[in-house]
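Worksheet for the structure shown next.
The values are calculated or read from the model by the stated rules, or taken from the named source; none is laboratory data. Treat the numbers as computed from the prediction; the structure is a model and nothing was measured. Ideal geometry is used to build each Cβ from the backbone, glycine not excepted, and the neighbour counts take in all protein chains shown.
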Amino acid sequence: MEMDKVEISSELGFDLALESGKVVLTLGYDGKGADVKVIGAVEVGYFLDKLAAAIPGEIDNKIFDMLKLALKVA
């Protein structure tokens, strides 16, 4: 499920998707003499836990807990 596709410039862009229970970030560079693609994947539960820890307060923790339940991840 593709979540977002953003072109940063005419040569650089990124994609964010959910694939097989993972958050997948793809950075792509399509330059004059080279093409580069870097892909990173993180388990959805781990990503949401880290995101919740980065946001001060506790209300967001409940929201992320509900998201994890909806996505059926631990």
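Looking only at residues in segment 1-34 that are of a type in the set (Lys, Arg) and modelled with pLDDT of 85 or more, which one is surrounded by the fewest Cβ atoms within 10 Å (Cβ to Cβ)?
Selected residue: Lys32.
Contact annotation: residue pairs with Cβ atoms under 6 Å, 6 or more positions apart or on different chains, pairing a residue in segment 45-74 that is of a type in the set (Phe, Trp, Tyr) with a partner that is surrounded by 12 or more Cβ atoms within 10 Å (Cβ to Cβ) and part of a helix (DSSP H, G or I), are Phe64/Leu48; Phe64/Ala52. Each residue in segment 43-74 was checked for being among the β-branched types (Val, Ile, Thr) and touching a Lys or Arg at 6+ places or on another chain (Cβ under 6 Å), and 0 of them qualify. Residue count for segment 35-70 satisfying the condition of being among the hydrophobic types (A, V, I, L, M, F, W, C), surrounded by 13 or more Cβ atoms within 10 Å (Cβ to Cβ) and in contact with a Gly (Cβ under 8 Å, 6 or more places away or on another chain): 1.
If I ask for residues that are farther than 16 Å from Val24 by Cα and part of a helix (DSSP H, G or I), which ones from segment 50-67 would you list? Result: Ala52, Ala53, Ala54, Ile59, Asp60, Asn61, Lys62, Ile63, Phe64, Asp65, Met66, Leu67. For segment 30-74, filtering for residues that are touching a strand residue (DSSP E or B) at 6+ places or on another chain (Cβ under 9 Å) and acidic (Asp, Glu) leaves 3.
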